[in-house]
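Heads up, the thing below is written out as structure tokens.
The values are calculated or read from the model by the stated rules, or taken from the named source; none is laboratory data. Predicted, not measured: the structure shown is a model, and the values here were computed from it. Note that we place each Cβ from the backbone using ideal geometry, even for glycine, and neighbour counts take in every protein chain shown. Surface areas here come from the heavy atoms of the whole protein model, side chains and all, with no ligands, DNA or RNA. Shrake-Rupley method; radii C 1.70, N 1.55, O 1.52, S 1.80 Å.
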Amino acid sequence: MWLLDKFLTQAIKRGRMVVTDHDGKERSYGPSPEDMDARGPIRITLTDKRAAGHIARYPQLGAGEAYMWGWLVVEPPHDIRDLVLFVTENTKSVGDRAIQSQGFLRKAAQKAIAKLDGVNLRGKARANAEHTYNLTRQLYERFLDEDRQYTMAYYRDPSNTLEQAQMDKKAHIAAKLHLEAGKCEGMRVLDIGCGWGGLALYLHKMYGVEVLGVALAPDQIAFCQERAKAEGVDDKVKFALMDYRDVEGQFDRITSVGLLEHVGTIHYPQFFRHTHKLLKPDGVMFSHCCGRAGPPGYTDAWTRKYIFPGGYIPALSELVTESEKAGWEVADVEAMRFHYAHTLEEWYARTVMHKDEIVAMYDETFYRMWLFYLAGAEQSFRHGNMVNWQVQYVKDRGAIPMTRDYMYEESARLRDRGDIPTWRFDPALREAAE
């Protein structure tokens, strides 16, 4: 307990935390009781004698596992989100830097392992996608918006609903693709990492373009195909279980939302070369991904092990450097700072709302793992250095207007439309999936 005690004593500078060890001994951290949450101090109980050591040896992996396994219990009225945000707001960082005694060699080893984990050859890439996205449909249905957008929502107003923010995100993306209503006949769009099909269907609805969506999770693609068929557009919006590296042909627009996090830095040259080959000379490519506001780093062990194996969140420098080598010109960059924090907060709330159903689908350990993931991700975007990068690429700088006015005008036009599609889950599809 001494190492964890040392860390918390140094780290907690505001608010109050009370820790009860497995032997009943109580320790308090932080300043006077006046400087704390109106609900009182955050109280946690370590139920297993191994908990403190497991957390102290590697804070991110150990804390997450201790919570998953029931070794760390957050006492009401607080919960794991309160604890994660409280600690990280105090420290402003998590991971190896939090406890200096871990040493240079351990840090170097973690970085090397993370780099190796980012090698995503075709077979591994598919296995990683299935690990992340092939969980039961009903899980995602419980905490995502109606369109199943599993990426950052665009909160033009933090008080907006998740559904509105996700719809505004699609309008924002469509505007950056520079698609002009009434002028898109015969145009083809490639959606790499198409998720559950919402963006592909939206682009067809708004502009009449033909869309090919590709992804590596079988149930995602099956669901996308069901959606397209149900809307009677499966001849125009097609989805394929395919690695983007196997796509051939020419496209007027290419979009990838939440895809580059899964590519792996070693494969960036291949990604940018292949997409450059696929896009027509006067085309536009748009990429939306989680990103680092600072220099390159590495994915923490807990996230690699439990949530996104093979995943890595890139720095802008990595994206720009590799895209330039492939012949791309970066036409526009936007740093989306706190939007994902609001999104994750809502996902967390909806997960808690559906606790009983999720536990019935899996078990308590999975439910606690999911909560820790969402809370940890939120803190990274709220108190850490994570952002979302939206990058627009062109091969010919004449492919887009001189100013960004067209983006604002088009996104406003799309938001003002009264026939914006929403996807409500068909009970028959849900029953068939079960």
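Residues checked against (1) hydroxyl-bearing (S, T, Y); (2) under 15 Å from the mean Cα position of the chain (by Cα); (3) modelled with pLDDT of 95 or more:
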position: Q110; (1), (2), (3): no, no, no
position: A114; (1), (2), (3): no, no, no
position: V119; (1), (2), (3): no, no, no
position: G123; (1), (2), (3): no, no, no
position: L139; (1), (2), (3): no, no, no
position: E146; (1), (2), (3): no, no, no
position: Q166; (1), (2), (3): no, yes, yes
position: M187; (1), (2), (3): no, no, yes
position: L190; (1), (2), (3): no, no, yes
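Is there a residue being at pLDDT below 95 and within 18 Å of T151 (Cα to Cα) anywhere in segment 325-335? The answer is no, given that none of the residues of segment 325-335 is at pLDDT below 95 and within 18 Å of T151 (Cα to Cα).
In segment 58-75, the condition of being of a type outside the set (D, E) and over 16 Å from F372 (Cα atoms) is met by no residue. For segment 144-159, a tally of residues being open to solvent by 10 Å² or more (accessible area, probe 1.4 Å) and free of Cβ contacts under 8 Å to residues at least 40 places away in the same chain returns 3.
A single entry from E334, E324 fulfils the requirement of being within 22 Å of the chain's Cα centre (by Cα) and without any contact (Cβ under 8 Å) to a residue 60 or more places away in the chain: E334.
G418 fulfils the conditions (1) open to solvent by less than 80 Å² (accessible area, probe 1.4 Å); (2) at pLDDT below 85; (3) farther than 27 Å from D219 by Cα except for a single criterion, (1).
In the condition set (1) within 14 Å of the chain's Cα centre (by Cα); (2) surrounded by fewer than 14 Cβ atoms within 10 Å (Cβ to Cβ), R382 is compliant with all but (2). One residue stands out in segment 300-338 among those that are part of a strand (DSSP E or B) and among the charged types (D, E, K, R): the one that is least open to solvent (accessible area, probe 1.4 Å), namely D332.
Counting only residues that are open to solvent by 10 Å² or more (accessible area, probe 1.4 Å) and closer than 16 Å to H288 by Cα, segment 169-193 holds 3 of them.
G376 meets each of the listed conditions (1) touching a helix residue (DSSP H, G or I) at 6+ places or on another chain (Cβ under 7 Å); (2) assigned to a strand (DSSP E or B); (3) of a type in the set (G, A, S) apart from (2).
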